[in-house]
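Visitor: Mind having a look at this structure? Questions to follow.
Derivation of every value follows stated rules applied to the coordinates shown; laboratory data play no part. Here the structure is a predicted model, which is why all the values come from computation and not from measurement. Here the Cβ is made from the backbone with ideal geometry for all residues, glycine too, and neighbour counts use every protein chain on show.
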Amino acid sequence: MEDPNPASELSERRKALFEPLEPVTNINGKRLPAESLLPPPDFDAASYPKGWLIGKKRKLVNVDVVESMRRIAVQEMNRKDREIDGLNEQLEEDARCLEHLQLQLLQEKSKRTEVERENAMLQDQISMLMNMLQENEQLGDEDVGDEDPDGP
């Protein structure tokens, strides 16, 4: 009843959507450079459609799109600046905290050296007193041995 022709026409239409309008290769089979597809540099700007202008590399760009992209870029730069400012403040706070901790560490080290010095001094005094006690005991033993007439 119906010819399969409409389906083939539809697929042909779909194929045509993906085909380039102009050949992308030249006679030698090499790809054309992108510059050849751009308008010449002396192209009259007044003949551009309203809201379009020549951008970098002589490409036509939409003014609204460019302005929107510029606004987005400025917003992103401002966001990054705020982020950097926050990180700088955090870094300064960390530096102050580190300085405080270094001072505390220095104080603790000096306290430790002082305690170690006192400990060494006390150890010297203890050993000196122990030596004196031992000497007194030895002298006391000798004196006790001299006083005992019953000694051998």
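Visitor: Tell me the label-point distance for the pair residue 118, residue 87, using the 7 Å Cα-to-Cβ offset, in nm and rounded to one decimal.
Guide: Rounded to a tenth, the inter-label distance reads 4.7 nm.
Visitor: What nm distance separates the two modelled labels at residue 109 and residue 96, each placed 7 Å from Cα along Cα→Cβ?
Guide: With each label placed 7 Å out from Cα toward Cβ, I get 2.5 nm.
Visitor: A follow-up question, please. May I ask you to compute the full-extension gain from residue 143 to residue 128, defined as 0.36 nm times their residue separation minus their alpha-carbon distance, rounded to one decimal in nm?
Guide: Working: separation 15, 0.36 × 15 = 5.40 nm, distance 2.19 nm.
Extending this stretch completely gives an extra 3.2 nm.
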